[in-house]
Amino acid sequence: MKSSIVVIGGYGQTGRTICQALSDYYPGNVYAAGRNKKKAEAFSYETNNKVRPFCLDVNDMTHWDWLDSTKLVIVCLDLHSTLLADKCASSGTHYMDISSNGILFSKLKEEALPPTQSTTLLSVGLAPGLTNLLAQHTTNLLADTEHIDISIILGMGDTHGEAALLWTMKHLASSYPTFTTSGHKKVRSFSGRKKVDFGNTLGVRSVYRFPFSDQQTLPCTLNVPSVTTRLGFDSPVLTNGLAVMRNTGLLGLLAHERFTTYLSQFLTRYKKGSALFAVKVEASGTLNGHHTKRSALVIGENESLITAKVAAAAGRFLYEDLLPPGTYHSDELFSLTDTDDTLFLKLKTNSREEPVSSIVKHEKNRDNFFYTLLT
């Protein structure tokens, strides 16, 4: 009988929070998996063995019998192959990926996975994930949506995992495809500056294009012609400095793996800044024959924690077999709902809800809504 939850990258910054959250519901069935046996065992010890260690290298697997007892696999790493998802589908094991790997997501949606009763869930976390659900919410307030702008601020005083920072550094100097009203277009990362008002907490900040996968999947799932996702940091000096380096070609150094690794390790220890994160989604379109906008703003602390909370909530739906078989992005199955003090992940097909975060401040009107989260 399948009963295990295997979290690959489970002792990393985000993975350990997912493990801890799920072990509260399923103690003894959650495994923190990764190549480093000592780190997995040390983390298990911290949890009084509520989370168990599992030594596993997803890049060098020849034996798959562990899937026979595994009900859910959660991937907290950036994979480059659909092999694990294929094996999970063949085994009838649910699969969830919290990365922002647009290329992999496209392959998983386009390629037919083996016939299965299991679910493959993509775009789960902050970006993509919460961004998808906020985009869905704002488009629902319009009759027709022409464009969505997603703007993200990350705090440099936050505790970011080294793997997440490494991924960010690698993509600062990249180019990537995006949807525009005139069709597909290739754009440069950290270009296309936009000034965005993040409210009283952060004020107006500059953000730049960045290859989060939501802008590649939302045009399909929400039937919107054009989506742009941008990123900035709580330090305007750092944000604009990176943009200058991008324009002058200095970010070309990030093509060298040694330099990228050094920089991500330095930033892992760099704590000058706040732990705030902010996500603002602005949908432009028409309503009652008039051109208008609808927006949503979420502010909180600890980006990896909110990512883990969204993933853990989705994981409970998967573990209890409440999702249909097939491959889906989060906005295809879920919506956001709230009470005065709690934000919930709600299944579209019934009234089942799972809590994501407590709400400190909650403002709504006809055109916009704003949450401050207690993460």
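Roughly what percent of Cα-Cα pairs across the range 99-158 reach past 18 Å? Don't skip to the end; give the middle numbers.
Details: 967 of 1770 pairs.
Of all Cα-Cα distances in the range 99-158, 55 percent exceed 18 Å.
Given the pairs K38/K170; K38/K346; K109/K348; K186/K361, which are separated by over 30 angstrom at their Cα positions?
Values: K38/K170 28 Å; K38/K346 37 Å; K109/K348 20 Å; K186/K361 39 Å.
The pairs that break the limit, which is 30 Å between Cα atoms, are K38/K346; K186/K361.
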Two-site FRET efficiency, E146 against S81, from Cβ-Cβ distance with R₀ of 56 Å, rounded to 0.05: 0.95
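Give me the dipole magnitude in Debye, nearest 20, for the range 127-303 about the Cα centre, with unit charges on the beta carbon: positive for Lys and Arg, negative for Asp and Glu. Walk me through the intermediate numbers first.
Numbers: 18 positive and 12 negative charges, 117 e Å.
Here the range 127-303 has a charge dipole of around 560 debye.
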Full-extension gain in nm, T349 to S106, via 0.36 nm per residue minus C-alpha separation: 85.0 nm
Options S91, G125, P114, ranked by Cα towards positive dipole end of the range 62-136, top entry (Cβ charges): G125
Between the range 68-142 and the range 206-284, the alpha-carbon center distance in angstrom: 22
At 0.692 mPa s and 37 °C, Stokes D of the range 104-198 from Kirkwood alpha-carbon radius, µm² per second: 197
Mean Cα-pair separation over length for the range 4-122, i.e. relative contact order, pairs under 8 Å, 6 or more apart, %: 23
J(HN,Hα) series, the range 47-62, from Karplus relation 6.51 cos²θ - 1.76 cosθ + 1.60, nearest Hz, glycine and proline x: 9, 6, 6, 5, 9, 9, x, 8, 7, 8, 10, 5, 8, 8, 10, 10
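Using Cα-Cα distances under 8 Å and only pairs 6 or more residues apart, what relative contact order does the chain have, in percent? If you can, show how the numbers build up before the last one.
Details: 845 pairs, mean separation 67.8, N = 375.
Relative contact order of the chain: 18 percent.
Under the definition of Cα pairs under 8 Å and six or more residues apart, what whole-number percent is the relative contact order of the range 220-355?
Working: 99 pairs, mean separation 18.8, N = 136.
Contact order relative to length: 14 percent.
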For H147, residues with placed amide H under 5 Å, excluding near neighbours: S284
Projected-area mean, the range 4-122, by convex hull of Cα positions, square nanometres: 6.8
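Just subtract the alpha-carbon distance of V244 and R35 from 0.36 nm times their residue separation and send over the number in nm, one decimal. Working shown, then result.
Working: separation 209, 0.36 × 209 = 75.24 nm, distance 3.79 nm.
Gain on extension, V244 to R35, equals 71.5 nm.
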10 Å-binned pair-distance histogram of the range 127-303 (Cα, whole percent): 10, 37, 36, 14, 3, 0
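Could you list the chymotrypsin sites (Phe, Trp or Tyr not before Pro) in the range 77-171 that lie in coil according to DSSP, counting only those with at most 12 other Cβ atoms within 10 Å of their Cβ? Don't skip to the answer; put the middle values down first.
Working: sites: Y95, F105, W167; in loops: none.
When the chymotrypsin sites (Phe, Trp or Tyr not before Pro) of the range 77-171 are filtered for loop state and at most 12 Cβ neighbours within 10 Å, nothing remains.
Considering just Cα atoms, how many Å³ per residue does the convex hull of the chain enclose? Show your work: numbers first, answer last.
Values: hull volume 53.1 nm³, N = 375.
Dividing the Cα hull volume of the chain by its residue count gives 142 Å³.
For the chain, what is the calculated [θ] at 222 nm in deg cm²/dmol (nearest 500), taking -39500 (n - 2.57) for each run of four or more DSSP H residues and dividing by its residue count?
One gets -9000 deg cm²/dmol as the mean residue ellipticity at 222 nm.
None of the figures in this text is laboratory data; all of them are computed from the coordinates on show. Computed from a predicted structure; not experimentally measured. Cβ: placed from backbone, ideal geometry, glycine included. Neighbour counts: every protein chain shown.
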